[in-house]
1. What aspartates and glutamates could a cross-link reach from residue 214, if we take a straight Cα to Cα line under 13 Å and drop same-chain neighbours fewer than 8 places away?
2. Of 30, 50, 20, which is farthest towards the positive pole of the stretch 6-254's charge dipole, taken about the Cα centre with +1 and -1 on the beta-carbons of Lys, Arg and Asp, Glu respectively?
3. If you take the C-alpha gyration tensor of the stretch 6-254, multiply each eigenvalue by 5 and take the square root, what semi-axes do you get, largest first, in whole Å?
4. Any chance you could run the full-extension gain for residue 103 through residue 70? It's 0.36 nm times the residue separation minus the Cα-Cα distance, nm to one decimal.
5. On the protein heavy atoms, probe 1.4 angstrom, tell me the percent of accessible surface of the chain carried by carbon and sulfur.
6. Charges at C-beta only: +1 for Lys and Arg, -1 for Asp and Glu. How large is the resulting dipole of the stretch 6-254 about its Cα centre, in Debye rounded to 20?
7. How high is the relative contact order of the chain? Use alpha-carbon pairs under 8 Å, at least six apart in sequence, and give a whole percent.
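The values are calculated or read from the model by the stated rules, or taken from the named source; none is laboratory data. A quick note: this is a predicted structure, and the numbers were derived from the prediction, not measured. Cβ placement follows ideal geometry from the backbone for every residue including glycine, while neighbour counts extend to all protein chains displayed. These area figures cover heavy atoms from the full protein model, side chains too; ligands, DNA and RNA do not enter into them. Shrake-Rupley method; radii C 1.70, N 1.55, O 1.52, S 1.80 Å.
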Amino acid sequence: MGRRPFVAGNWKMHNTLAGARELMRGLRDGFDTSWPVDVAVCPPNPLLYPMGKEVDGTAIKVGAQNVHFEAQGAFTGEISPEMLKHAGCTYVIVGHSERRQIFGETGQFLRKKVSAALKEGLEVIYCVGETLNERENNATIRVIERQLGEGLEASIDLSRVTIAYEPVWAIGTGRQATPDQAQEVHAFIREKIGGVFGPREAGEIRILYGGSVKPSNAEGLLSCPDVDGALVGGACLVADDFLSIISTAARTKTS
Ligand code: PGA
């Protein structure tokens with residue numbers, strides 16, 4: 001059986017309760033349950049629980065944008081995997097480039113987060129991606145390989161991990177990778193996963209593309225054989241745009 005497409009929306013630090021409810025209702029009302037695609041929305045932490053309630057009983061799942069690896073304790077400002085679970089999360093994003101770059105999260109740190117989240121039963125969306133400087137210095141593949149190795153211990157249950165390839169130069173810039181650029185890296189990631197985890201895992205793991213995905217470029221990117229869906233930032237803040245990307249994934253990946 002083929003890989004089921006997956007589209008996740010990363011709200012980043014946007015929305016308060018009233019706007020979030022409106023957005024979620026728009027999404028819920030426009031979502032066609034016959035679309036064969038998994039959908040997740042990742043709001044800021046204070047909105048996780050109320051947004052989970054908004055989509056209760058629907059196919060739309062909620063995810064967090066970050067997690068800490070300790071179960072509890074004196075970690076001011078942090079949130080544990082168990083807390084996310086109890087707030088209604090199914091997914092958590094780990095290793096987003098904004099966490100790596102702005103908040104200095106290292107590979108060693110991210111590896112612990114991935115393992116702790118999986119242990120608690122969360123599904124992980126693990127992000128990798130090169131900067132513009134790294135791409136221009138032909139270091140893309142090396143960087144992706146390093147980030148995969150750092151974040152994913154060989155002993156983890158990979159069936160609950162999704163990888164998101166997000167070139168840093170494409171995030172929030174309006175400059176997306178071309179389908180060929182995306183396919184090249186996605187194929188490399190799949191090959192690498194095959195080498196470390198095995199051919200079955202490589203065939204089953206979903207690899208999302210992220211970075212300026214919008215309704216107008218979704219089809220080209222999602223048509224690539226190794227692109228299994230999208231991690232969407234800016235465009236997921238408008239219900240119709242996000243729905244358009246979701247329906248494109250349902251159509252392109254299953255036709
Ligand atoms: P963008 O963000 O779609 O706004 O480029 C994607 C992301 O950071 O996940």
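1. 240, 241
2. Positive-end residue among those listed: 50.
3. Rounded to whole Å, the semi-axes are 25, 23, 17.
4. 10.1 nm
5. On the way: 5670 of 11410 Å².
That fraction is 50 percent.
6. On the way: 25 positive and 31 negative charges, 44 e Å.
Magnitude of the dipole: close to 220 debye.
7. Values: 497 pairs, mean separation 54.9, N = 255.
Computed value for the chain: 22 percent relative contact order.
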